[in-house]
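Student: Could you have a look at this structure, given as structure tokens, before my questions?
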Amino acid sequence: MNSEIKLKLEQLAISRSIPFCYSCYHKCPTGSCNICGSDDLMRLLPGVACEYGTDWIIKEILQEKLTPVNMDKAFEESVRSTLESETVTIGWMNFDCVTVMKEQDPISWEMAQSEFETFEESEGNIISFDNGRTYYWTSHLEDLVSD
């Protein structure tokens, strides 16, 4: 699924950009420069930049169209959904369970969140194109490439 979405994103990047000969500095919609004959063309994304490849265009499209997953919030919501009660009573005081867990054992919390991210990625619910620095919901990516 990840490779299928990546392929569709590459196709989207190609459709939104224009082949460009940097040597002659003009657009080459036919795929080769009609001045110098080169087919070693950059991709021009009007109003953004001109560069080789499509990865940078995909990054621009994702930044423009989607909001990355807030993994802190997603993990917190996942934990909250498993709790019987949102509060815990200690003595006569009531505290938010998630806040207590995060503050009392931050290392355990971070480890559990890391396991959550790994699980969500292995299940295909989230996808990263930058080795885990940024994740996107797979369903949002599918909607983007199907439009």
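The values are calculated or read from the model by the stated rules, or taken from the named source; none is laboratory data. Predicted model, so just to flag it, every value in this text is computed and none were measured. Neighbour counts are summed over all protein chains in view; Cβ atoms, including those assigned to glycine, are modelled from backbone coordinates with ideal geometry.
Student: Which condition from (1) under 21 Å from the mean Cα position of the chain (by Cα); (2) assigned by TED's automatic domain parsing to the domain that holds residue 115; (3) among the basic types (Lys, Arg) is the one that residue 80 breaks?
Tutor: (1)
Student: Sticking with this structure for a sec: How about the stretch 6-30: which of its residues are surrounded by fewer than 14 Cβ atoms within 10 Å (Cβ to Cβ) and aromatic (Phe, Trp, Tyr)?
Tutor: 25
Student: Output yes when any residue across the stretch 57-67 is modelled with pLDDT under 95, loosely packed, with under 11 Cβ neighbours inside 10 Å and farther than 22 Å from residue 12 by Cα, and no when none is.
Tutor: Checking the stretch 57-67: not a single residue is modelled with pLDDT under 95, loosely packed, with under 11 Cβ neighbours inside 10 Å and farther than 22 Å from residue 12 by Cα.
Student: Could you list, in sequence order, the residues of the stretch 111-144 that are surrounded by fewer than 16 Cβ atoms within 10 Å (Cβ to Cβ) and over 14 Å from residue 74 (Cα atoms)?
Tutor: 111, 122, 123, 124, 128, 130, 131, 132, 133, 139, 142, 143, listed by residue number.
Student: For the stretch 31-48, state whether one or more residues are assigned to a helix (DSSP H, G or I), on the phi < 0 side of the Ramachandran plot, surrounded by fewer than 16 Cβ atoms within 10 Å (Cβ to Cβ) and under 24 Å from the mean Cα position of the chain (by Cα).
Tutor: Taking every residue of the stretch 31-48 in turn, none turns out to be assigned to a helix (DSSP H, G or I), on the phi < 0 side of the Ramachandran plot, surrounded by fewer than 16 Cβ atoms within 10 Å (Cβ to Cβ) and under 24 Å from the mean Cα position of the chain (by Cα).
Student: With (1) in contact with a Lys or Arg (Cβ under 9 Å, 6 or more places away or on another chain); (2) under 16 Å from residue 137 (Cβ atoms); (3) outside the structural domain of residue 17 (by TED's automatic domain parsing) as the list, and residue 75 as the residue in question, which single condition is left unmet?
Tutor: Evaluating residue 75 over (1) in contact with a Lys or Arg (Cβ under 9 Å, 6 or more places away or on another chain); (2) under 16 Å from residue 137 (Cβ atoms); (3) outside the structural domain of residue 17 (by TED's automatic domain parsing) leaves (1) as the failure.
Student: Please state which of the following conditions residue 51 fails to meet, knowing it meets all the rest: (1) outside the structural domain of residue 25 (by TED's automatic domain parsing); (2) of a type in the set (D, E, K, R); (3) surrounded by 13 or more Cβ atoms within 10 Å (Cβ to Cβ).
Tutor: Residue 51 satisfies all of (1) outside the structural domain of residue 25 (by TED's automatic domain parsing); (2) of a type in the set (D, E, K, R); (3) surrounded by 13 or more Cβ atoms within 10 Å (Cβ to Cβ) except (1).
Student: Only one residue in 99, 87 is more than 18 Å from residue 134 (Cβ to Cβ), without any contact (Cβ under 8 Å) to a residue 24 or more places away in the chain, under 28 Å from the mean Cα position of the chain (by Cα) and not assigned by TED's automatic domain parsing to the domain that holds residue 15, so which one is that?
Tutor: The conditions single out 99.
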